Amino acid sequence: MNAGESRREPWIVGVSGASGTPYAAAVLRALLGAGEAVDLVVSRASRLTLLDETGISFRDAHWQDDLREWLARGADGKPGTFDVDVSRVRYWGAGDLAAGPSSGSYPAKGMLIVPASTACVAGVALGLSKDLLQRAASVTLKERRTLVVAVRETPLNGQTLRHLVALDDAGASVVPASPAFYAGATHIQDLVDFVAGRVLDAAGVGHGLYRRWRGELGGGTAGR
């Protein structure tokens, strides 16, 4: 391991099978744009969601090409909207329970799960560790690192609400994928970026994804 590699301290980003792959793409782009290193875990279920929502097949053997194509798409599905350098991303297969993020001794700043399905929420809250995504989240909690869970489901039943409370009690930040409109959204990408920005706010990562509230009514419509 070289000196640069030994200093690497990534954010782990877990993508579960919930609808909302544009949220994950926006978070990944913003992390990379902020100069952060990223360890990516894509669950098996999320591959089906990604294929359904974007038409992209995420393949282990070609993950860099597939990730680059995914992150280049806008929330409206238009290809080539963004130019993204994925050289600071390390990919781990969801079934690889011997991967770096499965151990507390592996250096990481924390973990963002976006989007988080109710099944993923339950697995992390109960400590099931049935795949690398859940195991990495459990490690993040036990090491007292930042864990942000961007749950994407509606309506939420009592069982899921109890699981979310358990995650909050364990120190995680629960960020529902609920876009706001005061920031002056005029495009679907603006709504996606608001949620991604709130995820990054919870993690303490700087960004410029949305217009912040300044205490002035009508600010969101000023530029229209």
### Message
Quick check of the Kirkwood formula: for segment 85-161, what is the inverse mean of 1/r over all pairs of different Cα atoms, in Å?
### Response
13.2
### Message
I want to verify a result. In a Gaussian network model of the chain, Cα cutoff 10 Å, which of these has the top mean-square fluctuation: Arg162, Arg198, Arg214?
### Response
Arg214
### Query
Pick from Trp11, Trp63, Trp92: which is most flexible by mean-square fluctuation in a GNM of the chain where alpha carbon atoms under 10 Å apart are linked?
Trp63
#### Entry: Debye log10 I(q)/I(0) for the chain, one point scatterer per Cα, at q = 0.07, 0.08 Å⁻¹
-0.21, -0.27
#### Entry: the chain - percent of accessible surface contributed by carbon and sulfur, probe 1.4 Å
50
### Task
Round to the nearest 10 and report in Å² the accessible area of His187, as given by a 1.4 Å probe over the protein chains' heavy atoms.
80
### Two-site FRET efficiency, Lys142 against Leu51, from Cβ-Cβ distance with R₀ of 25 Å, rounded to 0.05
0.15
### Task
Would you mind working out the accessible area per residue for the chain, using a 1.4 Å probe, and quoting it in Å²?
47
### Query
What ranking of Thr81, Thr118 comes out by heavy-atom accessible area, probe 1.4 Å, highest first?
Thr81, Thr118
### Task
Under 12 Å from the Cβ of His62, count the other residues' Cβ atoms, weight Lys and Arg +1, Asp and Glu -1, and hand me the total.
-2
### Message
Based on alpha-carbon centroids, what's the gap between segment 95-163 and segment 168-186 in Å, whole number please?
### Response
17
### Message
Given all pairs of different Cα atoms, what value in angstroms does the Kirkwood hydrodynamic radius of segment 1-123 take?
### Response
14.8
### Query
Modelled label-to-label distance, His187 and Leu128, 7 Å Cα→beta-carbon offset: nm?
3.8
### Message
Less than 20 Å from a label point 7 Å out along the Cα-to-Cβ axis of Leu156: which backbone N atoms in segment 109-127 qualify, by residue?
### Response
111-127
### Task
Check cross-link reach from Lys142 to the lysines: straight Cα distance under 23 Å, and skip same-chain residues fewer than eight apart.
Lys109, Lys130
### Query
Over the heavy atoms of Glu216, what accessible area does a 1.4 Å probe trace out, to the nearest 10 Å²?
120
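The values are calculated or read from the model by the stated rules, or taken from the named source; none is laboratory data. Here the structure is a predicted model, which is why all the values come from computation and not from measurement. All Cβ positions, even for glycine, are placed from backbone atoms using ideal geometry, and neighbour counts span all protein chains on display. We work out accessible area using only protein heavy atoms, side chains counted, and drop any ligands, DNA or RNA first. Shrake-Rupley method; radii C 1.70, N 1.55, O 1.52, S 1.80 Å.
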